[in-house]
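The values are calculated or read from the model by the stated rules, or taken from the named source; none is laboratory data. Remember, it's a predicted structure, so these values are computed and weren't measured experimentally. So basically every Cβ, Gly included, is an ideal-geometry build from the backbone, and we count neighbours across all protein chains shown. The accessibility values were calculated without ligands, DNA or RNA, using every heavy atom of the protein model including side chains. Shrake-Rupley method; radii C 1.70, N 1.55, O 1.52, S 1.80 Å.
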Amino acid sequence: AKKLSGKRGFVWLRRQITPDMTRKIRDLKISGIGFVKESRRFYPNAEVAAHVIGFTGLDPQGLEGLELRYNSQILGNTGYLVTERDALGRDIALMDKVVKKSSKGHNIILTLDKNIQYIAEKELAKAVTESRAAGGVALVMEPDTGRVLAMASYPTFNPNSFRGYSHDNLRNRAVADTFEPGSTMKVFLIASALATKIVGPNDVFNCENGNYAIGGRIIHDTHKYGNLRVSEILKFSSNIGSAKIGARLGAGRLLAGLKNFGFGEKTGIDLPGEVSGLLRDRSRWYPIDLATISFGQGLSISALQLATAISSIANGGLLMKPYLVEKITNDSGTVVQGFSPQIRRRVVSSRTAKTMARMMENVTAEGGTGLNAVVDGYRVAGKTGTAQKVDPMTKCYSATKRTASFVGFVPADDPRLTILVIVDEPKTSSYGGVVAAPAFREIAHQSL
């Protein structure tokens, strides 16, 4: 009654009512009450790929994900309503309205593999719940092309009823969140050092039996090591060895190397909300930063940046642009726009990439930190990551909160899949080799 007593010539009484309710109201034959047919987006796969696909509002405007990014292509021409008005512009014919000049939108065909997407979501959920973690991310890519085969975030949501979920559930953590990567950065430290010929794979560094004073701080290793070759520094994930490689490389070359791999810039993926991470300018580094950034603390990156950077090692040294849409077709199935792999730049030589791949294989060999990522029947190249999180209250590193990760590619001798698993704030163990590597193994095994 309040809506109908206003001065407006047209008001919505209710949107998207059921056919049964429509029939009952029509039968009442109330003068001045009309109906407009509206479509409603329905997602038949419910939670599967929800963060990638996104959702639409009532009108139906794309609000998140690919629905937002490709809204104009998907929506088509909504047309216009034809009504009858008097000389003063007031509607006088408010019965069933007619929509004119509307046209169907285009179809968006994705790079996602629905089976791999389901596997990634299932194994990520298992890893997060079993470790009692706050959340997580899983990514699967084709390293040669940049095609995203799976992109999962946990907690998740059902886009058919997205209004019932918190913002924490709706956020696509793979592109919108940043984290300190920890030891996964050692791959790019060593690759940069090899590329500039600052070190060789068999160069030896003294890892000081687990404690090393630098810049007024003490750097620790999980285990006490003496002399280690560069390949062993990666295999055993020595922070001290990495800090010494970083010192030999130098701040300028380290920063340039990390930027070369795409850190500090957006990947350009066709999704809204992508962040670039934080890679501070050299002038803002403290004396200790060269050491800590060498083993992945003091910078922030996105999951997508890490997966694309690792893919460049897998494919022989090319940084690819990740993408999610394969092609766009019209209503008759004709392709109106196609998308193909794009090389952003060469980051290292194929020789350096192969050397790094062999080193990363050692990580999953006996004695390495990634033994839980081994897939029966396949050679696996990877790297574990464990990083302290900054407490937003104290602005210091938390004594308990960690980010655990595992990233790699399979098969190591002919890479078909790059896989990344990140577990945020696990409670059972803080090590990527313990909580993230098993999920990597299961995603790889089932996908292959």
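Details
- Criterion applied to Gly54, Gly34 was being farther than 29 Å from Tyr165 by Cα and surrounded by 13 or more Cβ atoms within 10 Å (Cβ to Cβ), and the one residue passing it is Gly34.
- When the stretch 285-305 is filtered for residues that are outside any loop (DSSP other than H, G, I, E, B), out of contact with any strand residue (DSSP E or B) (no Cβ under 6 Å at 6 or more places or on another chain) and within 21 Å of Lys389 (Cβ to Cβ), the ones remaining, listed by number, are Asp289, Thr292, Ile293, Ser294, Ile301, Leu304, Gln305.
- Against the list (1) buried (at least 20 other Cβ atoms within 10 Å of the Cβ); (2) outside any loop (DSSP other than H, G, I, E, B); (3) of a type in the set (Val, Ile, Thr), the condition Val336 fails is (1).
Conditions (1) open to solvent by 10 Å² or more (accessible area, probe 1.4 Å); (2) touching a residue at least 60 places away in the same chain (Cβ under 8 Å); (3) in contact with a helix residue (DSSP H, G or I) (Cβ under 9 Å, 6 or more places away or on another chain); (4) on the phi > 0 side of the Ramachandran plot, marked per residue:
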{"position": "Gln117", "(1), (2), (3), (4)": "no, yes, yes, no"}
{"position": "Ala138", "(1), (2), (3), (4)": "no, yes, yes, no"}
{"position": "Leu149", "(1), (2), (3), (4)": "yes, yes, yes, no"}
{"position": "Ser166", "(1), (2), (3), (4)": "yes, no, no, no"}
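- Set Thr156, Thr129: member being open to solvent by 30 Å² or more (accessible area, probe 1.4 Å), of a type in the set (Val, Ile, Thr) and not in a helix (DSSP H, G or I): Thr156
- Residue check: Met360 meets all listed conditions (1) farther than 26 Å from Gly268 by Cα; (2) open to solvent by less than 10 Å² (accessible area, probe 1.4 Å); (3) assigned to a loop (DSSP other than H, G, I, E, B) but one, namely (3).
- With respect to the conditions (1) open to solvent by less than 10 Å² (accessible area, probe 1.4 Å); (2) in contact with a Phe, Trp or Tyr (Cβ under 6 Å, 6 or more places away or on another chain), Val375 falls short on a single one, namely (2).
- Filter result (surrounded by fewer than 22 Cβ atoms within 10 Å (Cβ to Cβ) and in a loop (DSSP other than H, G, I, E, B)) within the stretch 224-268: Lys224, Tyr225, Gly226, Gly250, Gly264, Glu265, Lys266, Gly268
- One residue stands out in the stretch 343-357 among those that are surrounded by fewer than 17 Cβ atoms within 10 Å (Cβ to Cβ) and among the basic types (Lys, Arg): the one that is farthest from the chain's Cα centre (by Cα), namely Arg351.
- Search result, residues across the stretch 192-216 that are open to solvent by 50 Å² or more (accessible area, probe 1.4 Å), under 15 Å from Glu232 (Cα atoms) and either touching a Pro at 6+ places or on another chain (Cβ under 9 Å) or among the acidic types (Asp, Glu) (or both): Asp203, Glu208
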